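Worksheet for the structure shown next.
None of the figures in this text is laboratory data; all of them are computed from the coordinates on show. Just so it is clear, the structure is predicted and the values come from calculations on it, not from any experiment. We place every Cβ from the backbone using ideal geometry, glycine too, and count neighbours over all the protein chains shown.
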Amino acid sequence: MIDSRTARFYEENAANYFAATSSKMLSGTASFFGEAFTQGGRILDFGSGSGRDLLILLDDGYDAWGYEPSKNLVREAVSHVPALKSRLFSSIESFEEESFDGILASAVFQHIPDTHLAHAFSMLTDLLVPGGTLLWSVPAGRSDLGLDFRDPHGRLFLLRPRARYLQLLSFFGFSEVRHWHSDDKLNRRDIRWNTWLMQKTGEKMYRQP
């Protein structure tokens with residue numbers, strides 16, 4: 001699902017990435033959890049990265065679970081934070097028969113190619129209970145991208161128009177609740193973030209083959 005070159009970066013740089021991003025102070029979405037998710041609800045952190053947000057959710061009393069496709073990042077996270085050992089998995093199939101009250105997808109969708117984006121949204125829709133909420137963020141812009149939308153490390157950052165995301169998500173039964181625009185927690189001056197809270201209010205208009 002995630003772009004292969006991007007996935008390779010996280011596998012090959014798991015230790016450095018964990019060290020640079022695992023501090024709770026660096027979460028760009030934690031301040032929205034109270035509004036986005038029902039207290040004590042069952043939440044899936046989709047694309048957990050260092051496990052930072054997953055740990056915050058657990059500490060805040062949520063029944064939180066994490067999916068991170070990089071096996072090395074999962075290994076790194078659970079070795080430093082044993083509390084994540086039974087909560088963080090590298091296979092999305094671990095959650096195929098599960099359902100969640102809320103899903104967090106922080107800084108994930110920009111790494112997913114256009115050809116796989118609708119499939120990702122369809123899968124997230126199936127994992128949410130009716131009325132469940134989706135909290136997600138994507139970068140509003142970056143100045144370090146080449147013509148192929150890759151940063152100097154080769155990671156894919158597709159800067160899609162806001163309307164593209166909202167139109168596609170509406171096909172999958174989501175309605176916008178709130179939108180935030182915020183600065184980058186790593187203090188990168190050329191990067192700002194768009195974060196949306198959306199609710200599953202309808203049925204999918206079509207299914208992926």
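I'd like the Kirkwood hydrodynamic radius of segment 144-198, using the inverse of the mean 1/r over distinct C-alpha pairs, in Å.
Result for segment 144-198, one decimal place: 13.1 Å.
Using the Kirkwood formula over every pair of different C-alpha atoms, what hydrodynamic radius in Å results for the chain?
Details: mean 1/r = 0.0580 Å⁻¹.
Result for the chain stands at 17.2 Å.
From the backbone phi of segment 182-190, what are the Karplus-calculated ³J(HN,Hα) couplings (6.51 cos²θ - 1.76 cosθ + 1.60, θ = phi - 60°) in whole Hz, Gly and Pro given as x?
Each residue of segment 182-190 in turn: 9, 6, 7, 6, 8, 6, 7, 5, 8 Hz.
Go through segment 69-160 and name the trypsin sites (Lys or Arg not before Pro) that are in a DSSP coil and have 16 or fewer other Cβ atoms within 10 Å of their Cβ. Each step should come with its number before you reach the end.
Working: sites: LYS71, ARG75, LYS85, ARG87, ARG142, ARG150, ARG155; in loops: LYS85, ARG87, ARG142, ARG155.
Loop-located and lightly packed - LYS85, ARG142.
Counting only pairs 8 or more residues apart or on different chains, how many lysine pairs in the chain have their Cα atoms under 23 Å apart? Write out the running numbers ahead of the final one.
Numbers: LYS24/LYS71; LYS24/LYS85; LYS24/LYS185; LYS71/LYS85.
For the chain, qualifying lysine pairs total 4.
Can you put VAL78, VAL108 in order, fewest other beta carbons within 10 Å first?
Working: VAL78 16, VAL108 21.
In increasing order of surrounding Cβ atoms, one gets VAL78, VAL108.
Mean Kyte-Doolittle hydropathy of 1.0 or higher plus an axial Cα length of 18 Å or more: which whole DSSP H helices in the chain meet both?
Details: long enough: 114-127 (21 Å, 0.29).
Within the chain not a single helix satisfies the rule.
What is the fewest-to-most order of GLU35, GLU68 by other Cβ atoms lying within 10 Å of their Cβ?
The most exposed by this proxy come first: GLU35, GLU68.
Could you work out the Rg to Rh ratio of segment 102-209, with Rh taken as the Kirkwood radius (inverse of the mean 1/r over all Cα pairs)? Walk me through the intermediate numbers first.
Values: Rg = 14.3 Å, Rh = 14.6 Å.
Here Rg/Rh amounts to 0.98.
Would you mind estimating how fast segment 66-137 diffuses translationally, via Stokes-Einstein at 10 °C and 1.306 mPa s with the Kirkwood radius over Cα pairs, in µm²/s?
Details: Rh = 13.4 Å.
For these conditions, the coefficient is 119 µm²/s.
Give me the extension gain from ASN194 to ARG178: residue separation times 0.36 nm, minus the current Cα-Cα distance, reported in nm with one decimal.
Numbers: separation 16, 0.36 × 16 = 5.76 nm, distance 1.07 nm.
Additional length available on full extension: 4.7 nm.
By count of other Cβ within 10 Å, fewest leading, how are LEU135, LEU145, LEU124 ordered?
Details: LEU135 25, LEU145 17, LEU124 21.
Least to most surrounded, the residues fall as LEU145, LEU124, LEU135.
Would you mind checking segment 20-49 for residues with the amide N under 15 Å from a putative spin-label position 7 Å along Cα→C-beta of SER79?
So the set is 20.
Under a 5 Å amide H to amide H cut-off, with H placed in plane at 1.01 Å, what residues pair with GLY132 once short-range neighbours are removed?
Answer set, sorted by chain and number: LYS200.
Explain nothing, just the number: relative contact order of the chain, from Cα pairs under 8 Å at least 6 residues apart, as a whole percent. Each step should come with its number before you reach the end.
Values: 388 pairs, mean separation 44.0, N = 209.
Rounded, it is 21 percent for the chain.
Which of the peptides 13-26, 178-191 is most tightly packed, and how do the rest follow, judged by the mean count of other Cβ atoms within 10 Å per residue? Numbers along the way, then the final one.
Working: 13-26: 14.6, 178-191: 12.5.
Going by the mean number of other Cβ atoms within 10 Å, highest first, we get 13-26, 178-191.
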